[in-house]
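Every number in this text was worked out from the coordinates using simple rules, so none of it is lab data. A quick note: this is a predicted structure, and the numbers were derived from the prediction, not measured. Using ideal geometry, Cβ is built from the backbone for each residue, glycine included, and neighbour counts are taken over all protein chains shown.
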Amino acid sequence: MTTIAGVAEVTDADFATEVLGSEVPVLVQFTAEWCGPCRQLGPVLRDIAAEESERLRVVRIDVDHNPETTLAHGVLATPTLMVFRDGEPVRSMVGAKPKRRLLAELAEVV
């Protein structure tokens, strides 16, 4: 597992351990290298990862390289953000969002 500025990269192989088995809620960005809005979200997610590290873990997964997890969670568009708590998805959001709006939506489930 690699980490880029506080945002860990997960794969099909370690998704169950790193996300579903996490003791804290996990925000997962389903992303792709070619996705412009995904890149726009990068700095926002890095900030959230740093600011909310006590309460929330932030990871990303590349949809092109990890089709098993992508299909299992019905991801049809990038970026898709999903919050997992206790191994279950509790919130799903599609598209890039400003930090303030994303934090407001996360506050409801974290």
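How many percent of the alpha carbon pairs in region 27-69 exceed a separation of 11 Å? Result: 66 percent of Cα pairs exceed 11 Å. A Gaussian network model of the chain, with springs between Cα atoms under 10 Å, assigns the largest mean-square fluctuation among 63, 26, 94 to 94.
Considering Cα pairs under 8 angstrom that are at least six residues apart, work out the relative contact order of the chain and quote it in whole percent. Could the numbers behind the result be given before it?
Values: 174 pairs, mean separation 37.9, N = 110.
That works out to 34 percent.
Figure the gain on full extension for residue 93 and residue 50 (residue separation times 0.36 nm, minus the Cα-Cα span) and round it to one decimal in nm. Spell out each step's value before the answer.
Numbers: separation 43, 0.36 × 43 = 15.48 nm, distance 2.06 nm.
Extra length available between residue 93 and residue 50 comes to 13.4 nm.
Taking every Cα-Cα distance in the chain and sorting them into 5 Å bins starting at zero, the pair-distance distribution P(r) comes out as 2, 13, 27, 29, 21, 8, 0 percent. Coupling constants for region 59-64 follow from the phi torsions by the Karplus curve (6.51 cos²θ - 1.76 cosθ + 1.60, θ = phi - 60°), and in residue order they are 9, 10, 9, 7, 5, 6 Hz; glycine and proline get x. When the helices in the chain are scored as -39500 (n - 2.57) per DSSP H run of 4 or longer and the sum is shared across all residues, what 222 nm value do you end up with, to the nearest 500 deg cm²/dmol? Dividing the helical sum by the residues of the chain leaves -8500 deg cm²/dmol. Could you tell me the distance between the Cα centroids of region 66-110 and region 1-59, to the nearest Å? Taking the Cα centre of region 1-59 as reference, the centre of region 66-110 is 10 Å away.
Packing-based ranking of 84-90, 30-36 yields 30-36, 84-90, ordered from highest to lowest mean Cβ neighbour count within 10 Å. If you run the Gaussian network model on the chain, springs between alpha carbon atoms under 10 Å, then out of 83, 44, 58 the most flexible one is 44. Placing pseudo-labels 7 Å out from each Cα toward the beta carbon at residue 76 and residue 103 gives an inter-label distance of 3.2 nm.
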